[in-house]
Amino acid sequence: MFEQNQKEIESLMQSNAEFRSLYQRHKELDGKVRDAELGVLPMDGVTLLKMKKEKLQAKDKLTHMWESAAAAY
């Protein structure tokens with residue numbers, strides 16, 4: 001996520017603790033979802049669905065925060 005804008009993301013992570021925390025949570029969820037889908041991490045379907053939903057909500061909020069910060073520049 002946001003790999004093409006890594007420099008801007010790093011700057012935003014340094015200046016905004018909420019963004020940093022949410023970004024790290026999104027990365028954590030991304031790894032767990034990927035592992036569950038590969039069968040490496042045993043997980044029931046309901047839990048996987050909840051994690052996917054939380055990951056999407058985090059991405060939406062991160063995108064909004066990033067766009068707001070970009071508009072401020």
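Coordinate-derived values only; no laboratory data. Nothing here was measured: the structure is a model prediction, and the numbers come from that model. Don't worry about glycine lacking a Cβ; one is built from the backbone with ideal geometry, like all the others, and counts go over all protein chains shown.
Using the Karplus relation 6.51 cos²θ - 1.76 cosθ + 1.60 with θ = phi - 60°, the per-residue 3J(HN,Hα) values for the range 15-27 come to 8, 9, 5, 5, 4, 4, 5, 5, 4, 5, 5, 4, 4 Hz, with x marking Gly and Pro.
Note on Gln14 and Asp60: the extension gain reaches 14.6 nm, defined as 0.36 nm multiplied by sequence separation minus the Cα-Cα distance.
Remark: Val40, Val33 ranked as Val40, Val33, counting other beta-carbon atoms within 10 Å and listing the fewest first.
Normalising the average separation of contacting C-alpha pairs (under 8 angstrom, six or more residues apart) by the number of residues puts the relative contact order of the chain at 34 percent.
Rounded, prolate or oblate, given the Cα gyration tensor of the range 4-46, with a/c below 1.5 counting as rounded? Could you put the intermediate results ahead of the total?
Working: a/c = 4.86, a/b = 2.54, b/c = 1.91.
In terms of gyration-tensor shape, prolate.
Shape summary of the chain, radius of gyration then Dmax from alpha carbon positions: 13.8, 44 Å.
Take the Cβ atoms of Leu49 and Ser21, set R0 to 35 Å, and the FRET efficiency comes out at 0.90.
Nearest 500 deg cm²/dmol is fine: what mean residue ellipticity at 222 nm does the chain get from its DSSP H runs of n ≥ 4 alone, each adding -39,500 (n - 2.57), divided by its residue count? Kindly include the intermediate steps, with their values, before the conclusion.
Numbers: 3 runs with 60 residues, N = 73.
Rounded to the nearest 500, the figure is -28500 deg cm²/dmol.
The packing ranking of peptides 63-69, 26-32, 44-50, highest mean first, is 26-32, 63-69, 44-50, where packing means the average number of other beta carbon atoms within 10 angstrom of each residue.
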